[in-house]
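What follows is a set of notes on a single structure, which appears directly below.
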Amino acid sequence: MKLAYYPGCSLESTAIEYDISTHKVMDKLGVEFQEIADWNCCGASPAHQTDQNLPIALVARNLAIAEKDGLDVAVPCTACYNRMRAAEKSLKEDESLKTNIEEAIGMKYGVTNTAKSLLEVVAKDVGTEKIAAAVKKKLSGLRVACYYGCLLVKPQSITPIDDPENPKMMDGLIEAIGATPVNWSHKTECCGAGLSIARTDVVLKLGNDILDLAQASGADCLVTACPLCQLNLEMRQAEIE
């Protein structure tokens, strides 16, 4: 299996360990990544707040480069994934918009490829059976709170990969590696990462709710697919306490 790879800004900075581990795991699973040449920021989250077409153009350029090679795009960051899927939907539904965007990016884009969340690639394309077979040491006894966050599965019209209120995809992967996913209520609640600078007070309240309920569920740890959620929930724990 070969996919274009879009690391995005986070995986080349604050989440560089996510990028390193992603490549190591994909190599073991036989997934070939081709990093998008000269990729640019997807615009999440400020671009779509300032200009309607700017984030679509930013995303379309990356997808158009991958399309030339006939490749779908694996996207680790859920914020990037959400913006890419939103742009795809807009371009498929509005031909005049697509024409304007093609002019803006200086290349044709037929919207024939798609962005895939890294979680989707592992759980669906690779599959839990192959994951389970590759495990060398099962994480037996580890209780995990699977935290999907808001951008991975919502809105469903853009990201229809799982149930938007009670997703199970990550839970299945946790079971495949021998750990136990716990039942809890805040799987898809927002952590407030987009408000990290503007409204820290709101972020601390949201983070407290998520971490408190994960702990109350009996979880030993919290697992998330989003580097922004992970950073927000980890670095602010001292303040939350």
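Brief remarks follow.
- Among the residues of the stretch 30-45, those that are farther than 16 Å from Ser117 by Cα and either open to solvent by less than 60 Å² (accessible area, probe 1.4 Å) or touching a Gly at 6+ places or on another chain (Cβ under 9 Å) (or both) comprise Gly30, Trp39, Asn40, Cys41, Gly43, Ser45.
- Restricting Val121, Val144, Val111 to residues that are over 12 Å from Ala74 (Cβ atoms), open to solvent by less than 40 Å² (accessible area, probe 1.4 Å), in contact with a strand residue (DSSP E or B) (Cβ under 8 Å, 6 or more places away or on another chain) and modelled with pLDDT of 95 or more narrows the list to Val144.
- Checked against (1) touching a Gly at 6+ places or on another chain (Cβ under 6 Å); (2) part of a helix (DSSP H, G or I); (3) surrounded by fewer than 17 Cβ atoms within 10 Å (Cβ to Cβ), Ala133 passes all but condition (1).
- Output for the stretch 197-212, where each listed residue is aliphatic (A, V, I, L, M) and open to solvent by 60 Å² or more (accessible area, probe 1.4 Å): Ile197, Ala198
- Residue match in the stretch 174-189 (condition: in a helix (DSSP H, G or I) and open to solvent by 50 Å² or more (accessible area, probe 1.4 Å)): yes
- Any pair with Cβ under 8 angstrom, 6 or more apart, that starts in the stretch 217-237 at a residue that is open to solvent by 60 Å² or more (accessible area, probe 1.4 Å) and ends at one that is of a type in the set (Lys, Arg): Asp220/Arg143
- Residue ID - modelled with the lowest pLDDT, chosen from residues in the stretch 197-241 that are of a type in the set (S, T, N, Q) and within 18 Å of the chain's Cα centre (by Cα): Asn232
The values are calculated or read from the model by the stated rules, or taken from the named source; none is laboratory data. In this text, all values refer to a predicted model and were calculated from it rather than measured experimentally. All Cβ positions, even for glycine, are placed from backbone atoms using ideal geometry, and neighbour counts span all protein chains on display. With ligands, DNA and RNA removed, areas are computed over all heavy atoms of the protein, side chains included. Shrake-Rupley method; radii C 1.70, N 1.55, O 1.52, S 1.80 Å.
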